[in-house]
Structure formats: C-alpha cells, structure tokens
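A.B. asks: My questions all concern the structure below.
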Amino acid sequence: MKATRVFLSIGILVFILPTAFGQFGASAHLLSGQADNWEWTPPISSQDRIELVGSGWQGGIDYWFRLKNTRIEFLPTLAVSQQSQTTGQSPFTLESQIQGVHFFFNTNIYFMDLSGDCDCPTFSKEGPTLQKGLFLQLSPGYSLFDFELTDNESGQTYEANDGAFSIGAGLGFDLGLSDFFTFTPMAGLRYYPSVTWETLNGESGIIFPSEVEAESNLIQYHVGLRLGFRLDN
C-alpha cells in the first residue's frame, strides 16, 4: 500500500500544473477479467470453481495533446481500479480483491481521418462525424497491484502486491457536445503478460489445486466513458 500511495501522489502532482491551462479528461469504466493460472474448473460438479479476478470498476484522469499535422492524439492517464470476487459456498468462502494504481500512455489513432484538419476533440469545424470521431486506441502502461484474499471461515486476510507492465487496445468514438466538452464511449482490453499473486503459492497455508499458481497472465476487459474538458478555447 505504501508504494501505491507514493505512485498516486506523484501522479497527481504531474497532472495538476498542465491541466490548469490545457485540455484534460475524466473517465469511468466497468471491468471484468480473467487469468489463466488464477482460475480452476473442477472435474466434478460437487466442487467449487475457483475464479479470483472478478469484476469491478476503474476511474481515471488524463491530459490531452496531439501531433500538429496528423490526427494521432496522446492522453497520458492516471487511474485507480478495484475488482472483487467470492469463491465457494458459505461459510467456506474466499473473498478476493485486487486494487490497482495505473499509468497508461493512451494513444488515439483516428485512422479514418489521419490528415484531417478538425479542431478536435470538440469538432468546431464541419465534417463527417463518423470519420472524425472513430479511433483506435493503443495503450502501453504500468500498474501497481494490491491483492487481498480473505478466508471468511477463519477471518484471516492475506495481503500481497506486485507491479506489472501491460499493453491495451480499444475502440472509441468522440462526440463533441460543445466547444468545451467531448463525450467518448469506448471499449477494449488490457493484457498483462505476467503478474504475481504471492498468496497463491501455498506458503500462506491456503491450499489450492495444483493448476492454481502465483504467477499468471491477466486480461482486463473494459467498457466505459470519458468526458473531455477544454479550457484553452
């Protein structure tokens, strides 16, 4: 948790000065996920399926800038997230929770309008809306994770943490509400090649099937909205 607070504090300071006079945004997403080595489907129906990633939410803030003559735009983003899941049947249940602090370098590529001259992202100039608004987003990133696993029978909580690189991809569509606001629905996924949840290695005393391992890839699916604000008009 200490590393998470430091990361968050630095990120907030990075965003305060440029957003005071530029273009920035806030986003909210719903998350779901899967991790090959943090899931297990039993061979017989009387056993409980293990699925530790669960669903949740993500919120973020970003700062916007773009290339001068090409419609490739950059939105460095600081985000926080939480996902949770319940495994088993009462009273023998495990509550899993994954909290994250993330830095994403979101890059929006307007592939239908790369040489366009619109006054984006608020569309003050005329032109086909679909051509101007549709984009592909590519997004390298780095995340700090805090993991919690609670054995509800004993009341014991086990904590772990890790940091991991990722790559994301998605599609979005900008809708200019005015010269000052842009509304953007979007959907995509983020892939982490390797994340380690140390609690799952068996040393904590919680025994999982051999198919469940501490290290796994992780995929997060997201759908959400971004509201962009322009203060330099």
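The values are calculated or read from the model by the stated rules, or taken from the named source; none is laboratory data. Model, not experiment: these values are computed from the prediction. Every residue, glycine as well, gets a Cβ built from its backbone with ideal geometry; the counts of neighbours run over all protein chains shown. Just the protein is used for accessible areas: all its heavy atoms, side chains included, with ligands, DNA and RNA removed. Shrake-Rupley method; radii C 1.70, N 1.55, O 1.52, S 1.80 Å.
A.B. asks: Looking at (1) touching a strand residue (DSSP E or B) at 6+ places or on another chain (Cβ under 8 Å); (2) without any contact (Cβ under 8 Å) to a residue 40 or more places away in the chain, which is the only condition Gly170 fails?
C.D. replies: (2)
A.B. asks: Would you be able to tell me the number of residues in segment 201-233 that are touching a helix residue (DSSP H, G or I) at 6+ places or on another chain (Cβ under 9 Å), of a type outside the set (Gly, Ala, Ser) and under 21 Å from Ser154 (Cα atoms)?
C.D. replies: 2
A.B. asks: Given the criteria closer than 22 Å to Thr70 by Cα and in a strand (DSSP E or B), does Ala169 qualify?
C.D. replies: yes
A.B. asks: So if I check each of Phe74, Phe92, which one is open to solvent by 60 Å² or more (accessible area, probe 1.4 Å) and not hydroxyl-bearing (Ser, Thr, Tyr)?
C.D. replies: Residue meeting the stated conditions: Phe92.
Conditions tested, residue by residue: (1) open to solvent by 60 Å² or more (accessible area, probe 1.4 Å); (2) among the hydroxyl-bearing types (Ser, Thr, Tyr); (3) more than 20 Å from Thr107 (Cβ to Cβ); (4) free of Cβ contacts under 8 Å to residues at least 40 places away in the same chain.
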position	(1), (2), (3), (4)
Ser139	no, yes, no, no
Leu149	no, no, yes, no
Glu153	yes, no, yes, no
Gln156	yes, no, yes, yes
Asp162	no, no, yes, yes
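A.B. asks: Follow-up question, since we're still on this one. Those residues that are more than 13 Å from Gln85 (Cα to Cα), small (Gly, Ala, Ser) and in a strand (DSSP E or B), I need them from segment 23-60; list them, please.
C.D. replies: Gly25, Ala26, Ser27, Ala28, Gly59, Gly60
A.B. asks: Take segment 184-213 and flag every residue that is small (Gly, Ala, Ser), without any contact (Cβ under 8 Å) to a residue 40 or more places away in the chain and under 17 Å from Asn161 (Cα atoms).
C.D. replies: Residues satisfying the conditions are Ser194, Gly202.
A.B. asks: Which count do you get for residues in segment 57-71 that are over 10 Å from the mean Cα position of the chain (by Cα), open to solvent by 10 Å² or more (accessible area, probe 1.4 Å) and in contact (Cβ under 8 Å) with a residue 24 or more places away in the chain?
C.D. replies: 7
A.B. asks: Limited to segment 166-190, what total is found for residues that are open to solvent by 60 Å² or more (accessible area, probe 1.4 Å) and modelled with pLDDT of 90 or more?
C.D. replies: Adding up the residues that qualify gives 4.
A.B. asks: Among the hydroxyl-bearing types (Ser, Thr, Tyr) and surrounded by fewer than 17 Cβ atoms within 10 Å (Cβ to Cβ): is that true of Ser216 in this structure?
C.D. replies: So Ser216 fails the test.
A.B. asks: Among all residue pairs at least 6 apart or on different chains, which show Cβ distances below 7 Å where the first residue, located in segment 106-132, is over 11 Å from Arg71 (Cβ atoms) and of a type in the set (D, E, K, R) and the second is at pLDDT 60 or above and surrounded by 12 or more Cβ atoms within 10 Å (Cβ to Cβ)?
C.D. replies: Partner pairs satisfying both residue conditions: Lys125/Cys118.
A.B. asks: Return a yes/no flag: does segment 95-105 have any residue that is among the charged types (D, E, K, R), modelled with pLDDT under 95, more than 18 Å from the chain's Cα centre (by Cα) and farther than 17 Å from Ser143 by Cβ.
C.D. replies: yes
A.B. asks: In a loop (DSSP other than H, G, I, E, B) and aromatic (Phe, Trp, Tyr): does that describe Phe183?
C.D. replies: No; evaluated as a whole, the condition is false for this residue.
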